[in-house]
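Taking it in order: structure first as structure tokens, then the write-up.
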Amino acid sequence: MEISKYGGRQEPALTAYMCEFVKTLRLADRNAEAAQAENIMEGLKNHKSEVFFLGRFGSGKSTMINALIRQKTLYTNIVPSTAVITKITAGDSVDEVVITFKDSKRPDEKLSVHDFFENYRAECGSEHKYEEVDYVTVYNKMPDENITYVDSPDLISMEIQDRSAKADVIVFVMNVMHMPNKDEHLYIHKNFERRCPNNVYFVVNWWNMVREEDEAVCKKIYFDELHDVFTDTDGRFDEELYRSRVFFVDAYTAECARTGIYKKGRRGDKFIETAVPPEDDAYTGIPDFEEALGEYLQSSELKKRKYQKYVQELTEIFRSAVKNIEKEILGLKSCLKKENSESAESTQSQQAEIKKLRECDSVFRYAFQEVCIEYRAVIRAGYDNFVSGVSQGWRKHFEGMEANFIGNAGEVDSAKLLEAVNSYIGEQEKNITFTVSENRNAFMKHFSSFATEYAEVLNELELSGQPWKDLVEEAIAPLTATECITEVIPDFTKENLDEADSYTMGMTYFTKKNQDIGALVLEYARNEAVKMLGYVRLGFLKLLENKFTAKMNDSCESFTKALKRQVILKEEQAADIQKMEQERETEVMKELAKLDNIKRKLTDSFNDFSRAAMGEGYTEGEILEPAEG
């Protein structure tokens, strides 16, 4: 019975999941891991189940392989034929052998099948001739292109043992004519006992050479030899597994029946060749072995074993990639946290500066207002002193000047009187100007006291390239009230004292009374001047204060606009920084979301692949633990 197509090809789902895994790695710029995963995917696509034939020289390994592939591919002889590890696999050519050397720099060598077996036939004691050969591959037309059969030399070599341990299936072939010899016993004891291996088959060959009456004894011998192989560590013997893994066969007859070659045999002193009918294959034991092997090759157990190494390799790639992604995520989060902390500190500092600047603006406006109030008080006091001075200094100033203002007819000369009065009042104006000006330093000191707690902030500002105190000096300099008074008082004098009638009213009355006209006129002029200055006090002060207040406001604005510029600048800077920080945070959050999504996709595609390869009930432990046998 030919081994059926057992589905050894890679399932489409595996390719899809692996492609998604590689695509996600590329998306994460994990190109090195992606390349490794692509190599795994390539291995999966080209994977073939490896059936490794193990046994002593002459046990019939090559003969069994010929029978299974139904072709006389491997040379067989009474003397050992296989000198090196030989793989038989599907290929387009039917007459090509590729020799792979242990030195990876040495190119492969291609030979015909005939030349290979002629040149690489084992000769007793000369096996060292082929130590430079790693293995050879024979390409042939195969009944099942998903299986690679491996023929091996003697089992003594440690290299042979290591290679067989990595195979999907091990077929341990023994020659019944020799019974279990010492080498076979030691190998079985060392590698298989107490393991109940599912993927190891024991084939006792040349069973046709055992007489029927001796079969039971022979089987008992091999049962005893192999009993401990199918006994677990708790001492339980698995009889069912034993029956499905131990076979007694006639490989030579099966080879002849399946390939059509003549069977050679001795008859007396002669060797004769006899055709073997195909139906005789049914009695060789090979079909039973073939059927059991085929069932195992289709089993989920083999599927898990077959894909286990790929899942193991992918697990390492997955863990490495996820570890790096998580490290990147942690780094981004840490960086974002640090940036947010620094941003918060910076924002707090900026807001504190802006608040301080706004307070400065408010305080200095208040300071200007207070100074303005004080100036107004000084102006009022100065004006009142001015009026008082006009009154009090009058007699002394005009003493002995009565006749200067009386004409020959005894009439008052209004023009002379007005000129004298205006001159006198003009002299008194100096007092009010001086009074206001001498308070300038006191006002500056008072103004500066408001800025004491803001001095540090102000000193750090670029206020038109000057120290803030200089700006304050410049702002207060025109507020000496000199300009205000000299602009207002002349207008007042002209408007209010240019009326001669204000001083000559009632002069006729005094003349009629025939009194001292000069003294009366001066006294009356004084009274009228003081009364008139008193009458216009509020209007005059209002005019004066309005003029002064306007100048003060201009000075305030000229100074505080520098603060406003600084506030606006700081606010714009803060807004720009905040915008940049928000953009940066948005960028980082997008990157974090991308990394989280990549991690999720990697995990999903890895889990999908692992379940498809290992079964729905796979566990990480099953993936990471090496397969037995």
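Just so it is clear, none of the values below were taken in a lab; they were calculated from the coordinates. For clarity, every value in this text was computed on a predicted model and none was experimentally measured. FYI the Cβ positions are ideal-geometry reconstructions off the backbone, even for glycines, and counts take in every protein chain you see.
Full-extension gain between His114 and Lys579, please, as 0.36 nm times their residue separation minus the C-alpha to C-alpha distance. Intermediate values should be presented prior to the final figure.
Values: separation 465, 0.36 × 465 = 167.40 nm, distance 7.94 nm.
Net length gain for the segment: 159.5 nm.
How much length would be gained if the chain were fully extended between Arg211 and Ser349, taking 0.36 nm per residue of separation minus their Cα-Cα distance, in nm to one decimal?
On the way: separation 138, 0.36 × 138 = 49.68 nm, distance 10.33 nm.
Contour length minus the Cα-Cα distance gives 39.4 nm.
Give the residue from Leu302, Val276, Tyr262 lying farthest towards the positive end of the charge dipole for region 242-305; charges sit on Cβ (+1 for Lys and Arg, -1 for Asp and Glu) and the dipole is referred to the Cα centre.
Going by the Cα projections, it comes out as Leu302.
Let me make sure I get this right: for region 141-239, a, b and c are the square roots of the gyration tensor eigenvalues over alpha carbons, sorted descending. Under 1.5 in a/c it's rounded, otherwise prolate if a/b > b/c, else oblate. Which is it?
It is oblate, given that a/c is not under 1.5 and a/b is not larger than b/c.
Identify the chymotrypsin sites (Phe, Trp or Tyr not before Pro) of region 235-267 meeting these criteria: DSSP loop state and at most 13 other C-beta atoms within 10 Å of the C-beta.
Passing both the DSSP loop test and the Cβ count: Tyr262.
Distance in nm between label sites at Glu342 and Asn607, each 7 Å beyond Cα in the beta-carbon direction?
Calculated label separation equals 3.8 nm.
What is the total of Lys pairs in region 565-616 with C-alpha atoms under 20 Å apart, excluding same-chain pairs fewer than 8 positions apart?
Number of lysine pairs found: 4.
Tell me, what is the FRET efficiency for Glu572 and Thr549 to the nearest 0.05, using R0 = 30 angstrom and their Cβ-Cβ distance as r?
After rounding, the FRET efficiency stands at 0.35.
Just to verify a number: FRET efficiency for Asp224 and Glu313, C-beta to C-beta distance, R0 = 45 Å, to 0.05?
The pair Asp224/Glu313 has a calculated efficiency of 0.65.
Can you classify region 13-55 as rounded, prolate or oblate using the Cα gyration tensor, where a ≥ b ≥ c are the square roots of its eigenvalues, rounded means a/c under 1.5, and otherwise it's prolate if a/b beats b/c and oblate if not?
It comes out prolate by the Cα gyration axes.
Could you name the lysines in cross-link range of Lys166, using Cα to Cα under 19 Å and dropping any fewer than eight places away on the same chain?
Lys45, Lys48, Lys61, Lys87, Lys102, Lys190, Lys303, Lys304, Lys306, Lys309
For Met179, what charge total do you get from the other residues with a beta carbon under 13 Å from its beta carbon, if Lys and Arg give +1 and Asp and Glu give -1?
For residues surrounding Met179, the net value is -1.
What do you get for GluC sites (Glu not before Pro) in region 385-424 restricted to DSSP loop and a cutoff of at most 16 other Cβ within 10 Å of the site's Cβ? Intermediate values should be presented prior to the final figure.
Values: sites: Glu399, Glu402, Glu411, Glu419; in loops: Glu399, Glu411.
Listed in order of number, the matching sites are Glu399, Glu411.
List residues of region 270-309, by number, whose backbone nitrogen lies under 11 Å from a label position 7 Å along Cα→C-beta of Lys264.
Answer for this model: 271-273.
Starting from 0.36 nm per residue, how many nanometres of slack lie between Leu332 and Glu402 once their C-alpha separation is accounted for?
Full extension from Leu332 to Glu402 adds 15.2 nm.
How big is the charge dipole of region 131-270 about its Cα centre, in debye rounded to the nearest 20, if each Lys and Arg gets +1 on its Cβ and each Asp and Glu gets -1 on its Cβ? Provide the component values of the computation, followed by the final result.
On the way: 19 positive and 28 negative charges, 123 e Å.
The dipole magnitude comes to about 600 debye.
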